[in-house]
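Below is one structure, written out as structure tokens; comments come after it.
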Amino acid sequence: MRDDQERAILAVHVRGLDGMCAGCRAWWSRLAPYPCWQVEWATSRQARASVARFLGSVQ
Ligand SMILES: [Zn+2]
């Protein structure tokens, strides 16, 4: 279910009109510059997963 979690984070944490993260503001009333650490986490997880998939398909 990790993929779903990352997708959910990336769907909510989007750049707001003022360049701040809309998801952080909506969820925690917290102002964070986009990309926030949640987006960084989710994208790094996805990158690692796609690399693992690629390596798995090569072997
Ligand atoms: Zn955020």
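Looking only at residues of segment 3-43 that are among the aromatic types (Phe, Trp, Tyr) and closer than 30 Å to Arg53 by Cβ, we find that the one that is farthest from the ligand (Cβ to nearest atom) is Trp41. The requirement of being of a type in the set (Asp, Glu) and assigned to a helix (DSSP H, G or I) is satisfied by Asp3. A single entry from Ala49, Ala32, Ala42, Ala11 fulfils the requirement of being touching a residue at least 12 places away in the same chain (Cβ under 8 Å) and exposed (fewer than 15 other Cβ atoms within 10 Å of the Cβ): Ala49.
All of the numbers you see were taken from the coordinates with simple rules; none came from a lab. Not measured: the values here are computed from a predicted model. FYI the Cβ positions are ideal-geometry reconstructions off the backbone, even for glycines, and counts take in every protein chain you see.
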